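Asker: Sharing a structure, written as structure tokens. Questions coming.
The values are calculated or read from the model by the stated rules, or taken from the named source; none is laboratory data. Quick caveat: nothing in here was measured; it's all calculated off a predicted structure. Just so you know, the surface numbers come from the protein's heavy atoms only, side chains and all, with ligands and any DNA or RNA stripped out. Shrake-Rupley method; radii C 1.70, N 1.55, O 1.52, S 1.80 Å.
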Amino acid sequence: MPGKGGRGQNLGTEFVGGSPRPAGRRDDSSLLETVRREPYLVVTTGARRGAEFTLRSATVTIGRGEDAEVQIDEPAASRRHAVIERKRGAFVLRDLGSTNGTYLRGLLHGSGAALRDGDCFRIGLTEFVFRDNGPKD
């Protein structure tokens, strides 16, 4: 399945799952249950709850717009609301001057902060968890 929103040409961020298993079926070999080496986001609340996005490019935009690599159906989100940038092996979440801000350990409004494995951040009512299980430099 190409990335949700019909943009299968996007190679930087991959939509990798989020569909619940059929009732009564147990499959212990699920791709989503394996330890990943690449960093990814999990949507924990909102319309895309359960969706996961592998972060492969140096810059990943989050927002309502069709050009956002991580699209969210969130009235409080700007078209280009926030960005995650990979800098020297670290990841930085930066608000792009949105009207309503991005929340990570407080309000980021036109500024950025380093992401650590397990960090939760919020745009409107949509919450994300950042996961980075890869080797540390």
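Asker: Measuring from the lowest to the highest alpha carbon on each principal axis, how far does segment 60-104 reach, largest first, in angstroms?
Answerer: 33, 20, 13
Asker: Does segment 45-125 come out rounded, prolate or oblate, given a ≥ b ≥ c as the square roots of the eigenvalues of its C-alpha gyration tensor, rounded meaning a/c under 1.5 and, failing that, prolate meaning a/b above b/c?
Answerer: Rounded, since a/c falls under 1.5.
Asker: For Leu115, enumerate residues with amide H under 5 Å from its amide H, sequence gap 5+ or separate chain, H modeled in the peptide plane.
Answerer: Phe91, Val92, Leu93
Asker: Considering only protein heavy atoms and a probe of 1.4 Å, how much of the accessible area of segment 48-137 is carbon and sulfur, as a whole percent?
Answerer: Answer for segment 48-137 is 45 percent, counting heavy atoms of protein chains only.
Asker: Something else about it: Over segment 61-137, what is the relative contact order in percent, taking alpha-carbon pairs closer than 8 angstrom and at least six residues apart?
Answerer: 22
Asker: Sticking with this one: Express in nm, to one decimal, how much length is gained between Glu85 and Asn100 on full extension, taking 0.36 nm for each residue of separation and deducting their alpha carbon distance.
Answerer: Residue separation times 0.36 nm, minus the Cα-Cα distance, leaves 3.4 nm.
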